[in-house]
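K.L.:
Next up is a structure, given as structure tokens.
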Amino acid sequence: MNSYDVAIIGSGPGGYVAAIRCAQLGMKTAIIEKYPTLGGTCLNVGCIPSKALLDSSHHYEDALKHFKDHGIDIPGDIKLNFKRMIERKQDVVDQNTKGIVYLMDKNKVDVYEGLGSFKDATHVNIKKNDGKTETIEAKNIIIATGSKPASLPFIKIDKKRIITSTEALSLKEVPKHMIVIGGGVIGLELGQVYRRLGAEVTVVEYMDRIIPTMDSAQSKELTKVMKKQGVKFLLSHKVNGVSVKGKEVAITAKDKNDKDVSLTGDYCLVSVGRKPFTDGLAADKAGVKISERGMVEVNDHLQTNIKNIYAIGDVVRGAMLAHKAEEEGVFVAETIAGQKPHIDYNLIPGVVYTWPEVASVGKTEEALKEAKVEYKVGQFSMRALGRSRASGDMDGFVKILADKKTDEVLGVHMVGARVADLISEAVVAMEFRASAEDIARMSHAHPTYAEAVKEAALAATENRALHA
Ligand code: FAD
């Protein structure tokens, strides 16, 4: 039987990053993945394919609507080759998943393909596709089994007309009318992809605003811009029925006045969140506690109730994000190696990759109000930047929330071109506990979108924005 210092179940961004860090720290490491490709949800059916389709559909829309403005005339009609777009997305996924194979090899991590399940607290059975089972032994085990799309009790996902994000990333045709249930990150990103490709898109959201966990100014701005792009929103609508007849999907809902609303489309994307995944893991054989909601319970060290078993990523509490899973992978590897790592969960950024992008870190205005923290706001519109005028990307803003007395930056919220990249400046600043004036006094290259961060910081300092 093969023996390891660490065995990791699941090869998503949590699992594979944990494996690399364990190997770097000199531990003999194994990783177990039930699917033939490594990389988990993120690389196969999550972050990477969705961004590939967002980028492709963005190019298509630019060619269709914006090239003319820039003085680019294309002879003949611009045609969508949707099959090629999906193929390219798959090429991108394949290159990325192959990259993980390379990394495992380079770091001398043993990869096992098959379903991993606990035999006991130090042994994992690996059921392979040929029906054979192999058992390995490990001093430490990391559960990194991720998550699966959630649904509503009355919805039967048929994967043809009533679909999750997984199917939406590999459709054979562009929907005529896609009804998106849930105005969170995944629904909005995929909704925007299909809107750009010509679908009518209606987003039905239970709350009174989209991206409800982000700052309400961001919800407002993104709603405004996406409406301009042609996406329809039914907010404060509680979906209570979804049915399929042939090629038609019918949705019924109640609006905020309890009035019945019904709509029909040809596809319904159910994007109401994700749930932790532990099916087939036999956690009970090792005595690992799973909460009623299916989450692996962990303490502050990401250790389960069984001392040598840890859990990371989507399968534990906290934001379901790839970079959060990665931080936790490194954290657990270093903890096992006897180090004292640290994660500041307040500084895990959240991003929506629509266009304009939306990005946040730290506290929202709503959270500060609730916590009765006295704060000041500095906001700067992207529209006022030379860079935005040059590119034509005028929507959005940067908003900095700083402590009223100390000027420490408490939250940064952005909507606009490339803010998914800009948010890193805010993370760095907040990690070093910068004040708004610290940011305001640093030189930002001109002309860049990043100047909006400096201007918002100036506005937060003493209302000193220079170009407002
Ligand atoms: P996962 O990536 O889910 O990996 C878990 C792995 O474990 C899977 O490969 C699974 O097959 C395997 N597994 C499960 N059980 C077993 C078992 N018993 N034996 C062997 N293997 C097992 N996050 C971002 O940060 N940015 C984004 O842009 C982003 N976009 C997204 C877009 C979509 C459409 C979706 C669905 C998600 C997106 N996410 C994004 C979320 C991100 O994908 C997850 O947060 C991330 O993948 C979680 O990583 P993980 O390692 O915890 O689990």
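K.L.:
Would you point out the residue of region 34-60, among those that are near the ligand (Cβ under 10 Å from one of its atoms) and of a type in the set (S, T, N, Q), that is farthest from the chain's Cα centre (by Cα)?
P.N.:
So, considering only residues that are near the ligand (Cβ under 10 Å from one of its atoms) and of a type in the set (S, T, N, Q), the one farthest from the chain's Cα centre (by Cα) is T37.
K.L.:
While we're here: Do any helices (runs of 4 or more DSSP H) lying entirely in region 1-78 carry at least 2 residues that are modelled with pLDDT under 95 and closer than 30 Å to A144 by Cα, and which ones are they?
P.N.:
Correct list: empty, since no element meets the threshold.
K.L.:
While we're here: At least 3 residues that are under 30 Å from Y60 (Cβ atoms), away from the ligand (no atom under 15 Å from the Cβ) and of a type outside the set (S, T, Y) in each: list the helices (runs of 4 or more DSSP H) lying fully within region 295-395 that qualify.
P.N.:
Where helices (runs of 4 or more DSSP H) fall fully within region 295-395 and carry at least 3 residues being under 30 Å from Y60 (Cβ atoms), away from the ligand (no atom under 15 Å from the Cβ) and of a type outside the set (S, T, Y), they are 386-391.
K.L.:
Going by the structure shown, is I179 in contact with a strand residue (DSSP E or B) (Cβ under 7 Å, 6 or more places away or on another chain) and on the phi > 0 side of the Ramachandran plot?
P.N.:
No; evaluated as a whole, the condition is false for this residue.
K.L.:
Sort out which residues of region 1-44 are in contact with a helix residue (DSSP H, G or I) (Cβ under 6 Å, 6 or more places away or on another chain), of a type outside the set (G, A, S) and within 13 Å of I143 (Cβ to Cβ), and write them in order of number.
P.N.:
V6, I8, I31
K.L.:
Here is a further query. Which number in (1) closer than 20 Å to D215 by Cβ; (2) surrounded by fewer than 18 Cβ atoms within 10 Å (Cβ to Cβ) marks the one condition that G338 misses?
P.N.:
G338 satisfies all of (1) closer than 20 Å to D215 by Cβ; (2) surrounded by fewer than 18 Cβ atoms within 10 Å (Cβ to Cβ) except (1).
K.L.:
Among the candidates H66, H123, which residue alone is closer than 30 Å to R389 by Cβ and not β-branched (V, I, T)?
P.N.:
Every option except H66 fails the conditions.
K.L.:
Let me ask something additional. Among the candidates Q90, Q95, single out the residue that is within 16 Å of the ligand (Cβ to nearest atom), in the same structural domain as L281 (by TED's automatic domain parsing), within 25 Å of the chain's Cα centre (by Cα) and polar (S, T, N, Q).
P.N.:
Just one listed residue meets the conditions, Q90.
Residues are listed down the side, and each one gets a yes or a no for (1) surrounded by 22 or more Cβ atoms within 10 Å (Cβ to Cβ); (2) in the same structural domain as N81 (by TED's automatic domain parsing); (3) within 26 Å of the chain's Cα centre (by Cα); (4) not hydroxyl-bearing (S, T, Y):
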position	(1), (2), (3), (4)
D208	no, no, yes, yes
K232	no, no, yes, yes
E248	no, no, no, yes
T252	no, no, no, no
T264	no, no, no, no
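K.L.:
Name the pairs: first residue in region 10-32 and in contact (Cβ under 8 Å) with a residue 24 or more places away in the chain and more than 9 Å from the ligand (Cβ to nearest atom), second residue part of a helix (DSSP H, G or I) and basic (K, R), Cβ to Cβ under 6 Å, at least 6 apart or on different chains?
P.N.:
As it stands, the answer is none, since no pair meets every condition given.
K.L.:
Looking only at region 162-196, which residues are more than 14 Å from the ligand (Cβ to nearest atom), surrounded by 21 or more Cβ atoms within 10 Å (Cβ to Cβ) and within 18 Å of Q229 (Cβ to Cβ)?
P.N.:
Just the residues of region 162-196 that are more than 14 Å from the ligand (Cβ to nearest atom), to begin with: 162, 172-179, 181, 183, 195-196.
Imposing the further condition that a residue be surrounded by 21 or more Cβ atoms within 10 Å (Cβ to Cβ) reduces the set to 162, 175, 178-179, 181, 183, 195-196.
The answer is P175, M178, I179, G183, R195, R196.
K.L.:
Return yes when L269 is in contact (Cβ under 8 Å) with a residue 40 or more places away in the chain and more than 22 Å from G39 (Cα to Cα) and no when it is not.
P.N.:
yes
K.L.:
Give region 418-468 a look and list any residue that's buried (at least 18 other Cβ atoms within 10 Å of the Cβ), of a type in the set (K, R) and part of a loop (DSSP other than H, G, I, E, B), or say none.
P.N.:
Once the filter is applied, which keeps residues that are buried (at least 18 other Cβ atoms within 10 Å of the Cβ), of a type in the set (K, R) and part of a loop (DSSP other than H, G, I, E, B), region 418-468 yields only R418.
K.L.:
Going by the conditions given, is I100 at pLDDT 95 or above, surrounded by 21 or more Cβ atoms within 10 Å (Cβ to Cβ) and closer than 13 Å to I32 by Cβ?
P.N.:
Here the answer is no, as I100 does not meet what is asked.
K.L.:
Among what's in region 103-145 and is assigned to a loop (DSSP other than H, G, I, E, B) and within 10 Å of the ligand (Cβ to nearest atom), pick the residue that is surrounded by the most Cβ atoms within 10 Å (Cβ to Cβ).
P.N.:
A144
The values are calculated or read from the model by the stated rules, or taken from the named source; none is laboratory data. Remember, predicted model here, so these are calculated numbers, not experimental data. Because the Cβ atoms are built from the backbone with ideal geometry, glycine has one as well, and the counts that use them run over all protein chains shown.
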